[in-house]
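The values are calculated or read from the model by the stated rules, or taken from the named source; none is laboratory data. From a predicted model like this one, the values you see are computed outputs, not experimental measurements. Here the Cβ is made from the backbone with ideal geometry for all residues, glycine too, and neighbour counts use every protein chain on show. Just the protein is used for accessible areas: all its heavy atoms, side chains included, with ligands, DNA and RNA removed. Shrake-Rupley method; radii C 1.70, N 1.55, O 1.52, S 1.80 Å.
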Amino acid sequence: MNTQHSTLHPAIRECADAVAATASGIRSEQLGDRTPCEKFTVAELLDHLGETLSSSARAARKEAQPDEPAASGTSPASLAESAHRVAEAWGDPGAYEGTTEFGPGEMPAGFAATVTLGELALHGWDLARATGRPFAISEDAAQVALGAVGQFAEGARANGSFGPPVPVSADAPALHRVLGTSGRNPEWRG
């Protein structure tokens, strides 16, 4: 059995379920609200995460990425559907093998799954925090997400996707440490 699949997929599934639950509760009057991810409003984050998850599902299936970005306007319901589709796509152990097209180009498929987990955990929390929704994932899933985000945090900081790390206690919940690693303040209030 593929060890990346057995480690990452349960966390991807759990975070995808949490994203879907969060998205299902977003109200239209919240779309212009700020999020902890400073460059995105709720609507812009829905678009970003919806496109990322669609791209990730294609990456898991080893499908070519489209030349043109998708039109904006991701609804909360379509984000919930995208979250379920990405979890299903990464449910195939073969998805983690070889290389695939994702984000800036070709990369190891297992790393694409790692980035996907980070996107689900971080942006799922962003959406939940911005809209007053819970983002409930287990400590086990958060621990896997912490390892995932740690793998690409320096590169994300270098390209401006992450801010400087926010100090978080070593005995804080794993999700808080994930957030701090990415430059997010776990105590953020909109």
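Reducing the stretch 1-78 and the stretch 115-168 to their Cα centroids gives an inter-centroid distance of 13 Å.
Return the carbon/sulfur percentage of the accessible area of the stretch 61-162, one whole number, probe 1.4 Å, all protein chains in place. Please report the intermediate quantities before stating the final value.
Working: 2410 of 4790 Å².
Answer for the stretch 61-162 is 50 percent, counting heavy atoms of protein chains only.
Extent of the chain along its three principal axes (Cα atoms, max minus min coordinate, largest first): 41, 39, 29 Å. For the stretch 23-65, pairs of C-alpha atoms spaced more than 17 angstrom apart make up 42 percent of the total. The residues of the chain expose on average 47 square angstrom of accessible surface per residue, using a 1.4 Å probe on protein heavy atoms.
Between Phe162 and Arg157, the built amide H atoms are under 5 Å apart, and every one of these is 5 or more places off in sequence or on another chain. Can you give me the solvent accessible area of Ile12 with a 1.4 Å probe, rounded to the nearest 10 Å²? Result for Ile12: roughly 0 Å² accessible. Shown in residue order for the stretch 130-136 are the 3J(HN,Hα) couplings computed by the Karplus curve 6.51 cos²θ - 1.76 cosθ + 1.60 at θ = phi - 60°: 5, 10, x, 9, x, 10, 9 Hz (x for Gly and Pro). Computed about the Cα centre, the dipole magnitude for the chain is approximately 380 debye when only Lys and Arg (+1) and Asp and Glu (-1) carry charge, each at its Cβ. Relative to its Kirkwood radius, the Cα radius of gyration of the stretch 1-100 gives an Rg/Rh of 1.01.
Report summary: the helix-based calculation at 222 nm, which adds -39500 (n - 2.57) for every DSSP H run with n ≥ 4 and divides by the residues of the chain, gives -19000 deg cm²/dmol. Each peptide in 168-176, 16-24, 126-134, 32-40 receives the mean, over its residues, of other Cβ atoms within 10 Å, and ordering these scores from highest gives 16-24, 126-134, 32-40, 168-176. Highest mean first, the peptides 97-108, 153-164 sorted by other C-beta atoms within 10 Å per residue fall in the order 97-108, 153-164. Note on Ala77 and Asp33: the model spin-label points, each 7 Å out from Cα along the C-beta direction, lie 2.1 nm apart.
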